[in-house]
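The structure appears below as structure tokens.
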Amino acid sequence: MPVRQLPEQVVNRIAAGEVVERPASVVKELVENAIDAGASRIDVFTDGGGRRRIGITDDGSGMTAKDLALAVERHATSKLDDEDLLQIRTLGFRGEALPSIGSVARLSITTRHASEPHAWALSVEGGDKSEIMPAALAHGTRVEVNDLFYATPARLKFLKTDRTEAEAIREVVRRLAMARPDVAFTLAGEERAPVTWTAALPGAAGRLTRLGDILGAEFRSHAIEVHAEREGVVIAGYAAAPALTKANALGQYLFVNGRPVRDKLILGAVRGAYADYLPRDRHPVLALFVTLDPREVDANVHPAKTEVRFRNAGLVRALIVHGLKDALAREGRRTAANSGESALSSFRPAFTPRPASWDWRASPSAPVAPMPSFEGAAAPAFAERAQAAFDVGAPSADVRFETQPTADLVDRPLGAARTQIHETYIVSQTRDGLIIVDQHAAHERIVYERLKASLAANGVQRQILLIPEIVEMDEATVERLLERSEELASFGLAIESFGPGAVAVRETPSLLGKTNAGGLLRDLSEHMAEWDEALPLERRLMHVAATMACHGSVRAGRRLRPEEMNALLREMEDTPNSGQCNHGRPTYVELKLSDVEKLFGRR
């Protein structure tokens, strides 16, 4: 078959296949054009999930008649001062959006520039352009897209239901609204009630207001400000405390120079920063904004501009990890403080009082014995029985404290220990409430942080076992452990082969004390089975440290003395990130006295 030049209409449709994937793609391109035009308000309307109609109205600078005629031509743009593709400071720059949309739909544009006496209108249907006509519009631009993909009916078969497409449009507008809190957005359509996000004040406060409006009040209450800067790269935004997580990474919103992106490098950096705070199956919620010189990032690597490439990817990743870790460490106590709200919601009255009009004689479940008489000698007997109701036996721990704890302990952040319940939870009293501590989770974090500090300083101190402990496992597990023996040795766990299917443990970390070497090795082998060589060494070492900390911490079910409970509370106050264990679970829950009083109707 000979080589031939494709007709312009076919070329436009091929380009549309890259740029216009679904109705949400059209909305994205048109809203980005409105933002680049300096709009302070953008209204979006859709019908049929964007399949039947999409309308975008803005109050931006608008276009002259000459600019309007060029705007629907391929590769025509007002967003590049010259041919330097490394100095891209706008969201759009390819000049393909409008001609691509016009080649597969019925496109009409009405716009007015401040220098024009009136507005101008132009329509494009299946690639055929109309003449420019005078029109009525106060200012800005109005773009309407009707019958999307009518010129390429095969593409319609790949669209989802109207509800699904409408949700995709909503997500696109949400991301662009997060990136520009200074712009007011309205999203309306037959599929939903209108939603308006008013323009917010500039600065961090306005950004948090917009994020709270979009992500909800729960995110706003858990939000921790993130800021880091190095070598011209700035990381800013808000991340939720580890108490607020999701089952997937869809709650992570990332922006580079104001452009919403889905970048694997940034997602990996976020996962690494939260590694010490969350279980492996949970994901944080955050919105991070990366700002850097346009020459240091390539935004021209994807037709839809959803991916970027950094010149110094290592710097960006390190700065994100550093910024997130600093923010989480700074607000380490936020996890437990916020979890008190969910704890209070779980309380329910122990019984439902009978209404005053209830008659026990008329009830089918009423007791058959008559009510006792309280006259004469019966009254003292009843009083004795009532007093006996308060005899509930001894508590589960030695709580022979003074009647009132000392003021210096009560004023400490985690208060003074008062009792231990179920040999698992420590109850402490603070100046304005009470705290319930999970002793195993709390000590697990303490041991973990000690291991990390010891490793960073001069290596983990180890203890030599008088008699090596032999642990029998299947051969595949033994080989997996022996392959990582050097990494384990850096934490003071010295192992060597002891024949087929067995490992000899000769040294253990002294910080763990007496530990079950067999259980520890089996847990480590399970984690190692999920590793690959792409996982950084630091992350692998932290997995080892976390597993060791779990085995070396105070177990649930161990009875503690009062001085041990208070010592644990004091260590928690001096330990970074003590609000959650290294598996991501909260270590304690704080209940304010005012909230407890509400439970009993005192407020």
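The values are calculated or read from the model by the stated rules, or taken from the named source; none is laboratory data. Keep in mind that what you see is a predicted model, and the values were worked out from it rather than measured. When we count neighbours, we look across all protein chains shown, and the Cβ atoms used for this are built from the backbone with ideal geometry, even at glycine.
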Qualifying residue in region 273-291 (condition: surrounded by fewer than 16 Cβ atoms within 10 Å (Cβ to Cβ), over 20 Å from the mean Cα position of the chain (by Cα), farther than 30 Å from Arg450 by Cβ and at pLDDT 65 or above): yes
Could you check, for region 232-242, whether at least one of its residues is at pLDDT below 90 and in contact with a strand residue (DSSP E or B) (Cβ under 9 Å, 6 or more places away or on another chain)? yes
What tally of residues in region 103-127 results from selecting those that are of a type outside the set (Val, Ile, Thr), assigned to a strand (DSSP E or B) and surrounded by fewer than 23 Cβ atoms within 10 Å (Cβ to Cβ)? 5
In region 65-85, is there at least one residue being assigned to a loop (DSSP other than H, G, I, E, B), modelled with pLDDT under 95 and among the basic types (Lys, Arg)? yes
Restricting attention to region 577-600, report how many residues are under 21 Å from Glu331 (Cβ atoms) and either free of Cβ contacts under 8 Å to residues at least 40 places away in the same chain or of a type in the set (S, T, N, Q) (or both). 5
Please determine whether any residue of region 267-277 is free of Cβ contacts under 8 Å to residues at least 40 places away in the same chain, in a loop (DSSP other than H, G, I, E, B) and closer than 30 Å to Thr46 by Cβ. no
Assuming Phe219 fulfils every condition listed in (1) loosely packed, with under 15 Cβ neighbours inside 10 Å; (2) closer than 28 Å to Asp276 by Cα apart from one, which condition is it? (1)
In this structure, does Phe219 turn out to be at pLDDT below 95, at positive phi and among the hydrophobic types (A, V, I, L, M, F, W, C)? no
Residue count for region 24-54, restricted to those that are in a strand (DSSP E or B) and under 32 Å from the mean Cα position of the chain (by Cα): 8
Looking at Asp432, Asp474 in this structure, which one is charged (D, E, K, R) and closer than 15 Å to Val589 by Cα? Asp432
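I'd like to know if region 156-178 contains one or more residues that are farther than 18 Å from Arg22 by Cα and either among the charged types (D, E, K, R) or buried (at least 17 other Cβ atoms within 10 Å of the Cβ) (or both).
Here is the first cut: in region 156-178, the residues farther than 18 Å from Arg22 by Cα are 177-178.
So of that shortlist, the ones also either among the charged types (D, E, K, R) or buried (at least 17 other Cβ atoms within 10 Å of the Cβ) (or both) come out as 177-178.
So far as region 156-178 goes, yes, one or more of its residues are farther than 18 Å from Arg22 by Cα and either among the charged types (D, E, K, R) or buried (at least 17 other Cβ atoms within 10 Å of the Cβ) (or both).
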Which condition does Tyr253 not pass, out of (1) among the hydroxyl-bearing types (Ser, Thr, Tyr); (2) surrounded by fewer than 17 Cβ atoms within 10 Å (Cβ to Cβ); (3) touching a helix residue (DSSP H, G or I) at 6+ places or on another chain (Cβ under 9 Å), if it passes all the others? (2)
Give the residue, chosen from Arg170, Arg180, Arg174, Arg220, that is in the same structural domain as Thr306 (by TED's automatic domain parsing) and under 16 Å from Tyr253 (Cβ atoms). Arg220
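Residue-wise test of (1) closer than 27 Å to Glu29 by Cβ; (2) modelled with pLDDT of 75 or more; (3) under 17 Å from the mean Cα position of the chain (by Cα).
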position: Arg259; (1), (2), (3): yes, yes, no
position: Thr306; (1), (2), (3): yes, no, no
position: Arg333; (1), (2), (3): no, no, no
position: Ser339; (1), (2), (3): no, no, yes
position: Ala350; (1), (2), (3): no, no, no
Is region 489-496 home to any residue that is surrounded by fewer than 21 Cβ atoms within 10 Å (Cβ to Cβ), more than 22 Å from Ser454 (Cβ to Cβ) and in the same structural domain as Leu451 (by TED's automatic domain parsing)? yes
Arg295 vs. criteria surrounded by fewer than 19 Cβ atoms within 10 Å (Cβ to Cβ), in a loop (DSSP other than H, G, I, E, B) and assigned by TED's automatic domain parsing to the domain that holds Gly232: no
Would a scan of region 152-174 turn up a residue that is among the small types (Gly, Ala, Ser) and in a strand (DSSP E or B)? no
When every residue in region 215-231 that is out of contact with any strand residue (DSSP E or B) (no Cβ under 7 Å at 6 or more places or on another chain) and assigned to a helix (DSSP H, G or I) is compared, the one farthest from Glu331 (Cα to Cα) is Leu215
